[in-house]
Amino acid sequence: MNGRSKAFVAIGLIAALFVLGGPIYGQERGSTAPEKGGVGYFIGGVGWMLESGNSSIVYSSGGGGHAITNRWILGGEGHSCFGPDNAGGYGFFNLGYLLLRGDFILVYPLIGLGGGAMTSAISSDVSKCALLNPAVGLDFLVPLRNRNGILLGLRGGYTFTVYSNTFNWSMPHIRVVIGGYGFGE
């Protein structure tokens, strides 16, 4: 499957999750679950860099944040990644939708669109690329006071190249999210 086909499949799957996510409620009326607020986080994890028939483990670290308004998520994140055969950095503009929101849990799909650069042991060129990153997030909210607290989460996804000036790469990944949150009344 080429990059364009992968992009259409990923966008279709995320669109289906948004459409089907509307009637799913993770709370009763009157809950204190978030309606409007924001989160900021550090993110780190492991991925498997797939490039030209080769694969290698890659570690990533970075940070990000997003706003939540009436179930919609809008934000961004940036990553650096490194491994024995690859190194680089990339960032995404993220759009998501809360499928499940409760007093202590958030579950959501995200679609990230962004760009970055990656080096490879296979090629001496630097891949400057446009990227798509469909992902699913699971965040646990640990209240400290009022409607603020600590965010602990997991995020799994699949980053792939939509366009590159040199070599194409993709990376299934799982990441740990640690940060803070704040929600209004």
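Consider only pairs whose beta carbons are under 6 Å apart and that are at least six residues apart or on different chains; among these, list those whose first residue lies in the range 155-184 and is β-branched (V, I, T) and whose second residue is modelled with pLDDT under 95 and assigned to a loop (DSSP other than H, G, I, E, B).
Short answer, once both residue conditions are applied: T161/N168; T161/W169; T166/D125.
In the range 141-154, which residues are within 13 Å of G182 (Cα to Cα) and either acidic (D, E) or in contact with a Leu (Cβ under 9 Å, 6 or more places away or on another chain) (or both)?
Selection gives L141, V142, G149, I150, L151.
Out of I68, I43, I need the residue that is modelled with pLDDT of 60 or more and closer than 17 Å to F82 by Cα. Which one?
Being modelled with pLDDT of 60 or more and closer than 17 Å to F82 by Cα holds for just one of I68, I43, which is I43.
Where residues in the range 66-82 are hydrophobic (A, V, I, L, M, F, W, C) and farther than 22 Å from A117 by Cβ, which of them is surrounded by the most Cβ atoms within 10 Å (Cβ to Cβ)?
I68
Which is at pLDDT 95 or above and of a type in the set (K, R), of R145, R175?
Of R145, R175, the one residue that is at pLDDT 95 or above and of a type in the set (K, R) is R175.
If I178 passes every condition in (1) outside any strand (DSSP E or B); (2) surrounded by fewer than 15 Cβ atoms within 10 Å (Cβ to Cβ) but one, which one does it miss?
That leaves (1) as the condition not met.
Which one of V46, V58 is assigned to a strand (DSSP E or B) and buried (at least 21 other Cβ atoms within 10 Å of the Cβ)?
After applying the criteria, what remains is V58.
Restricting to the range 150-167, give me the number of residues that are surrounded by 18 or more Cβ atoms within 10 Å (Cβ to Cβ) and either among the aromatic types (F, W, Y) or not in a strand (DSSP E or B) (or both).
1
Kindly provide the set of residues from the range 98-124 that are free of Cβ contacts under 8 Å to residues at least 40 places away in the same chain, over 18 Å from the mean Cα position of the chain (by Cα) and part of a strand (DSSP E or B), ordered by number.
T119
Criterion first (of a type outside the set (F, W, Y), touching an Asp or Glu at 6+ places or on another chain (Cβ under 6 Å), buried (at least 22 other Cβ atoms within 10 Å of the Cβ) and within 20 Å of G156 (Cβ to Cβ)) does L110 satisfy it? Reasoning before the result, please.
Values: of a type outside the set (F, W, Y): yes; touching an Asp or Glu at 6+ places or on another chain (Cβ under 6 Å): no; buried (at least 22 other Cβ atoms within 10 Å of the Cβ): yes; within 20 Å of G156 (Cβ to Cβ): yes.
No: the conditions fail for L110.
The values are calculated or read from the model by the stated rules, or taken from the named source; none is laboratory data. Quick caveat: nothing in here was measured; it's all calculated off a predicted structure. All Cβ positions, even for glycine, are placed from backbone atoms using ideal geometry, and neighbour counts span all protein chains on display.
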